[in-house]
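Trainee: There's a structure below that I have some questions on.
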């Protein structure tokens with residue numbers, strides 16, 4: 001289990017993704033090849049509904065706090081970065097191509113907010129996963145604007 005305090009810079013985000021996306025930490029939760037990303041989304045949604053995982057905002061200390069999947073599960077949640085690391089690790093453990101995306105998400109009130117989510121491709125084609133809720137889209141979701149794909153960091 002590991003959590004890193006990251007200075008918000010793209011090079012640091014790439015390094016953190018490379019260090020913290022760990023399919024081996026969650027392989028015991030998958031136990032078979034996955035057919036579709038909706039299985040990962042369903043697992044996250046069920047964990048959120050049960051209260052076993054919750055949204056936990058980063059401390060207001062000027063750093064992003066990114067945690068390994070085992071750390072997210074052990075502490076009972078995390079923010080969008082941590083949920084994206086967990087979801088990406090689950091997808092990869094199940095044999096689904098996945099990567100983390102950094103960007104912005106529209107809010108009801110105010111300007112777009114910085115955000116992280118997971119994208120990839122499975123047997124049914126491209127998908128987008130809102131890792132904090134488990135919601136999956138099969139076409140680009142409205143209001144999400146990618147700034148950086150951390151795909152190359154995970155190869």
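Trainee: Say we look at the range 22-39 and pick out the residues that are modelled with pLDDT of 95 or more and in contact with a strand residue (DSSP E or B) (Cβ under 7 Å, 6 or more places away or on another chain); which of these is surrounded by the fewest Cβ atoms within 10 Å (Cβ to Cβ)?
Mentor: Applying the filter and picking the extreme gives 38.
Trainee: Here is a further query. When you go through 103, 62, 120, 110 one by one, which is the residue that is out of contact with any helix residue (DSSP H, G or I) (no Cβ under 7 Å at 6 or more places or on another chain) and either assigned to a strand (DSSP E or B) or at pLDDT 95 or above (or both)?
Mentor: It is 103.
Trainee: Of all residues being touching a residue at least 24 places away in the same chain (Cβ under 8 Å) and loosely packed, with under 13 Cβ neighbours inside 10 Å in the range 91-124, which is nearest to residue 30 (Cα to Cα)? Just the residue, please.
Mentor: It comes out as 123.
Trainee: Counting just the residues of the range 125-155 that are touching a residue at least 60 places away in the same chain (Cβ under 8 Å) and in a loop (DSSP other than H, G, I, E, B), which one comes out surrounded by the fewest Cβ atoms within 10 Å (Cβ to Cβ)?
Mentor: 133
Trainee: Ok, one more. Can we say residue 71 is at pLDDT 95 or above, surrounded by 13 or more Cβ atoms within 10 Å (Cβ to Cβ) and at negative phi?
Mentor: Considered against the rule, which asks whether it is at pLDDT 95 or above, surrounded by 13 or more Cβ atoms within 10 Å (Cβ to Cβ) and at negative phi, residue 71 comes out as yes.
Trainee: Kindly list the number of the only condition in (1) surrounded by 21 or more Cβ atoms within 10 Å (Cβ to Cβ); (2) in a strand (DSSP E or B); (3) out of contact with any helix residue (DSSP H, G or I) (no Cβ under 6 Å at 6 or more places or on another chain) that fails for residue 83.
Mentor: (2)
Trainee: Have a look at 45, 57 and point out the one that is part of a loop (DSSP other than H, G, I, E, B), surrounded by fewer than 21 Cβ atoms within 10 Å (Cβ to Cβ) and under 16 Å from the mean Cα position of the chain (by Cα).
Mentor: 57
Trainee: A further question on this structure: Just for the range 1-40: of the residues that are in a loop (DSSP other than H, G, I, E, B), in contact (Cβ under 8 Å) with a residue 12 or more places away in the chain and farther than 14 Å from residue 95 by Cβ, which one is farthest from the chain's Cα centre (by Cα)?
Mentor: 7
Trainee: Looking for something under 17 Å from residue 99 (Cα atoms) and either at pLDDT 90 or above or in contact with a strand residue (DSSP E or B) (Cβ under 8 Å, 6 or more places away or on another chain) (or both) - is there at least one such residue anywhere in the range 51-58?
Mentor: No, the range 51-58 has no match at all.
The values are calculated or read from the model by the stated rules, or taken from the named source; none is laboratory data. Predicted model, so just to flag it, every value in this text is computed and none were measured. Glycine also receives a Cβ, built like all others from the backbone with ideal geometry; neighbour counts cover every protein chain displayed.
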